[in-house]
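The values are calculated or read from the model by the stated rules, or taken from the named source; none is laboratory data. Source: prediction; values computed, not measured. Because the Cβ atoms are built from the backbone with ideal geometry, glycine has one as well, and the counts that use them run over all protein chains shown. Accessible surface is based on the protein model in full, side chains and every heavy atom, while ligands, DNA and RNA are left aside. Shrake-Rupley method; radii C 1.70, N 1.55, O 1.52, S 1.80 Å.
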Amino acid sequence: NRRKKKDGNILEISSIPNPFPELCCSPFASVLSASLLPKATSRKKQVIKVYSEDDTSRALEVPSDITARDVCQLLILKNHYIDDHSWTLFEQLTHTGLGRAIEDHELVMEVQSNWVMEEENKLYFRKNYAKYEFFKNPLNFFPDHMISFPSETNAAVSYSGVLQMFLSSSTYPEIHGYLHAKEQGKKSWKKLYFLLRRSGLYFSTKGASKEPRHLQFFCEFSNSDMYMSLTGKKISGAPTNYGFCFKPNKSGGSRDLKQLCADDEQSRTCWMTAIRLLKYGMQLYQNYMQPYQGRSGCSPLNVTPMRSISENSLVAMDFSGHRSRVIENPAEALSVAVEEGLAWRRRGCLRLNSHGSPIVMSNMAIHRSQSWFHHKISREEAQRLILQHGLVDGVFLVRDSQSNPKTFVLSLSHGLKIKHFQIVPLEDDGKLFYTLDDGHTRFTDLIQLVEFYQLNKGVLPCKLKHYCARIAL
């Protein structure tokens, strides 16, 4: 009875009038409530493992919709690296010996969802200087003998116009040439004439004929990813070391791969670049432009580094005396800087022995601490490292010579080729020097040699620009 009486008292209370009755009957009420109220669902997170060149790894807890660019930015911040817009996330399929640079806009979780559980596939974080190089120097990527234009294009097309045609939806230049194709279900390879068109990749059943009745469809790219062969001839038995293939996103294994092989690096680079542009189009250009967006009037080709207020207020100081002083004469500032650099080099050669007294390191050892020096790696491993960092002019490393233990080798990328130059030690008047040009130009150590050729071309085909480093995470 008490409960009924209590309920009756509650029901007798008059209802509070609604001050905004128009919201209750408005057709936009549901829209407003859905957009203004915070979302109840949170972003799901997963753990990914990323490796570096020295096989150190780092586990990251990231959102399920994170892109490859965001993973790179996260690792740059965590490791305090300099962001020069060349850091890239690589996918390596260990079992098949394939690898590719994941595009900046791709979702990392979608990439991992295509992996087979039994295979030890890995994500690598490294530099790739050639990622968007074709936007800067298209001349090196599209040779005249491999590209042709639609019949309605009568006038000569510039290389910037070629890129515009690749990115447009109406026209598309045709890439053509011979490639070795692995026959399905067989170990043999067959050389065929291929044509790349907007509708896909075709090969001719009759020589180099482009007639429709002689063209047979080979592959399309919307449901597959393109990989580069990292093992050369070892796994697939390819006729050359310039292999690439197409792997369906939901592939059951190596039997579903469509493998191709070019005769040289320039040909492979042309095919792979054109297919990237065909598959992603304007998205690639947006990825390329993203680091420069927000800077009014800036183009990627003429962006200058921005200086902070503190950098603009820096002055040259002399700390050699009892009191510090500001150096106002630019010539004096330069000589002091040079002397300080030489003093640092001398201090860098000093080490302490077991008794705590300093000992002088020989000039042969001071280069071991440099990021560009790789101790006792083979010629093949050096080429693989440079290839992974991108075949851009000026990518280099220095390594020990395997044929002559007393010499070193400078491995350098130029013109989509990797060239090797021997660094020879010379002894003159009891002093040891290093040279690349039979003694015409001499250096007391390898650090001086590298610094000189970073500023001067000399006997090399180009200046040293980007060094290959084994970073640690």
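Exactly one residue out of 458, 415 is farther than 30 Å from residue 100 by Cα and of a type outside the set (Ser, Thr, Tyr), and it is 458.
Summed over the range 237-261, residues that are without any contact (Cβ under 8 Å) to a residue 60 or more places away in the chain, in contact with a strand residue (DSSP E or B) (Cβ under 7 Å, 6 or more places away or on another chain) and in a loop (DSSP other than H, G, I, E, B) total 2. The residue of the range 219-232 that is nearest to residue 384 (Cα to Cα), among those that are open to solvent by less than 30 Å² (accessible area, probe 1.4 Å) and outside any loop (DSSP other than H, G, I, E, B), is 229.
Might you check whether a residue that is closer than 30 Å to residue 141 by Cβ, in contact with a His (Cβ under 9 Å, 6 or more places away or on another chain) and not in a loop (DSSP other than H, G, I, E, B) occurs anywhere in the range 437-454? Break it down stepwise before answering.
So the first thing to find is which residues in the range 437-454 are closer than 30 Å to residue 141 by Cβ, and the list is 450, 453-454.
Those left that are additionally in contact with a His (Cβ under 9 Å, 6 or more places away or on another chain): 450.
Adding the requirement that they be not in a loop (DSSP other than H, G, I, E, B) leaves 450.
Yes: the range 437-454 contains one or more residues that are closer than 30 Å to residue 141 by Cβ, in contact with a His (Cβ under 9 Å, 6 or more places away or on another chain) and not in a loop (DSSP other than H, G, I, E, B).
Look at (1) within 27 Å of residue 235 (Cβ to Cβ); (2) modelled with pLDDT under 90; (3) open to solvent by 50 Å² or more (accessible area, probe 1.4 Å); (4) not hydrophobic (A, V, I, L, M, F, W, C) and you find that residue 152 fails only one, number (1). Here residue 381 clears all of (1) open to solvent by less than 50 Å² (accessible area, probe 1.4 Å); (2) modelled with pLDDT of 90 or more; (3) under 30 Å from residue 99 (Cβ atoms) except the condition numbered (1).
The strands (runs of 3 or more DSSP E) falling completely within the range 56-144 that include 1 or more residues that are within 15 Å of residue 389 (Cα to Cα) and under 16 Å from the mean Cα position of the chain (by Cα) map to 87-93, 98-101, 122-127.
When you check residue 206 against the structure, is it surrounded by fewer than 16 Cβ atoms within 10 Å (Cβ to Cβ), modelled with pLDDT of 90 or more and of a type in the set (D, E, K, R), yes or no? Spell out how you get there, then give the answer.
On the way: surrounded by fewer than 16 Cβ atoms within 10 Å (Cβ to Cβ): yes; modelled with pLDDT of 90 or more: yes; of a type in the set (D, E, K, R): yes.
Yes.
Please pick out the residue among 375, 367, 440 that is without any contact (Cβ under 8 Å) to a residue 24 or more places away in the chain and either assigned by the TED database to the domain that holds residue 241 or more than 30 Å from residue 134 (Cβ to Cβ) (or both). Step by step, each of 375, 367, 440 is checked, and only 440 is without any contact (Cβ under 8 Å) to a residue 24 or more places away in the chain and either assigned by the TED database to the domain that holds residue 241 or more than 30 Å from residue 134 (Cβ to Cβ) (or both). Would you mind stating whether residue 406 is modelled with pLDDT of 90 or more and under 24 Å from residue 380 (Cα atoms)? Criteria not met by residue 406. Which ones in the range 388-405 are in contact with a strand residue (DSSP E or B) (Cβ under 6 Å, 6 or more places away or on another chain) and open to solvent by 50 Å² or more (accessible area, probe 1.4 Å)? Hit for the range 388-405 is 393, nothing else.
So that you can scan it fast, the table gives a plain yes or no per residue for (1) surrounded by 14 or more Cβ atoms within 10 Å (Cβ to Cβ); (2) among the small types (Gly, Ala, Ser); (3) at pLDDT below 90:
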position	(1), (2), (3)
412	yes, no, no
424	yes, no, no
445	yes, no, yes
455	no, no, no
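When you look at residue 414, is it in contact with a strand residue (DSSP E or B) (Cβ under 7 Å, 6 or more places away or on another chain) and touching a residue at least 12 places away in the same chain (Cβ under 8 Å), yes or no? No: the conditions fail for residue 414.
Kindly establish whether residue 444 is β-branched (Val, Ile, Thr) and in contact with a strand residue (DSSP E or B) (Cβ under 6 Å, 6 or more places away or on another chain).
On the way: β-branched (Val, Ile, Thr): yes; in contact with a strand residue (DSSP E or B) (Cβ under 6 Å, 6 or more places away or on another chain): no.
For residue 444, the condition - β-branched (Val, Ile, Thr) and in contact with a strand residue (DSSP E or B) (Cβ under 6 Å, 6 or more places away or on another chain) - is not met.
Can you go through 384, 399 and tell me which one is outside any loop (DSSP other than H, G, I, E, B), of a type in the set (D, E, K, R) and in contact with a Phe, Trp or Tyr (Cβ under 9 Å, 6 or more places away or on another chain)? Give the derivation first.
On the way: 384 fails: in contact with a Phe, Trp or Tyr (Cβ under 9 Å, 6 or more places away or on another chain).
The unique qualifying residue is 399.
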